[in-house]
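Accompanying notes for the structure given below.
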Amino acid sequence: SDARAIALELKAEAAALSKKRAKERQQAASGKGASLPPLEIEVHRHSVDLRCGRHFVKVGHAPYAKLALLHRRAMPAEGAPEAEAEAAAVEAPAWWSTEGSPGGAEIEAEVAGARLSAQASEATPDPRAAFHQRLFALLLRYKTLRGHGFHAAIAPAVWRVLTSRLGVGFEAFASPLNCYLPTFGSGFSDVDGAFGSSGSFFRLKPAQLASGSSACNPPFVRRFP
């Protein structure tokens, strides 16, 4: 009967999916890297788009530049190349704030686009490959959560007072997407760590915090991890 045929078809599909998941678990347990489609990057006028298979994320030029600077600072060994913007910009958060100049952001995006074009035409490796892979993982994580954070960020004018008068040097609750300082705590050290996160604020020891005071602007949720 039709019902029996449908049931057998569903059974076969379920068995195939179960076998596939078992293989993926075995691969993960062995420590071998997962087999994934290549990461595709496109630089547009106002955004940088990243796609891996059916998963797609995008980021504006300004946050792309900010994340490139944070990654460069946190993971110098991965060789993310510097753009023509000042490397010291990561120490001057106003550069990436809404009140800062967009010039550095445009330079970062232009350099990324130029190097991607060179890679396509000359078959040369992408010097930003590690950065782009980490960026994709970061953006996909927060996209999965349906947001860039669960708390309202403090305005740049307030941050200037906190840093200049109170010596604040660490953000207790932030993410690479909304942090003002390059040293901060966040909820996902596995993807945020490559951009300067020290992990969960609740698991940090005093010696791990930056000198001076810490700003605590917790997310608006009832429970913390």
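The values are calculated or read from the model by the stated rules, or taken from the named source; none is laboratory data. Keep in mind it's a predicted model, so treat the numbers as computed, not measured. Cβ atoms come from the backbone with ideal geometry, glycine included; neighbour counts cover every protein chain shown. Areas reflect the complete protein model, heavy atoms only, side chains present, ligands, DNA and RNA absent. Shrake-Rupley method; radii C 1.70, N 1.55, O 1.52, S 1.80 Å.
The table that follows gives values for the structure above.
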{"read-out": "Qualifying positions in the range 44-59 - in contact (Cβ under 8 Å) with a residue 40 or more places away in the chain and open to solvent by less than 50 Å² (accessible area, probe 1.4 Å)", "value": "V48, L50, C52, V57, V59"}
{"read-out": "Condition met for S175 (open to solvent by less than 20 Å² (accessible area, probe 1.4 Å), touching a Leu at 6+ places or on another chain (Cβ under 9 Å) and modelled with pLDDT of 85 or more)", "value": "yes"}
{"read-out": "First in the range 185-196 and free of Cβ contacts under 8 Å to residues at least 60 places away in the same chain, second anywhere and among the hydroxyl-bearing types (S, T, Y) and open to solvent by 20 Å² or more (accessible area, probe 1.4 Å), Cβ under 6 Å, 6 or more apart", "value": "G185/S198"}
{"read-out": "The range 178-199 - residue that is of a type in the set (S, T, N, Q) and modelled with pLDDT of 90 or more and, of those, farthest from A155 (Cα to Cα)", "value": "S189"}
{"read-out": "Residue match in the range 167-186 (condition: in contact with a helix residue (DSSP H, G or I) (Cβ under 7 Å, 6 or more places away or on another chain) and among the aromatic types (F, W, Y))", "value": "yes"}
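Quick grid of which residues meet (1) open to solvent by 70 Å² or more (accessible area, probe 1.4 Å); (2) outside any helix (DSSP H, G or I); (3) at pLDDT 85 or above:
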site: R4; (1), (2), (3): yes, no, no
site: E9; (1), (2), (3): yes, no, yes
site: K23; (1), (2), (3): yes, no, no
site: A29; (1), (2), (3): yes, no, no
site: S35; (1), (2), (3): yes, yes, no
site: I41; (1), (2), (3): no, yes, yes
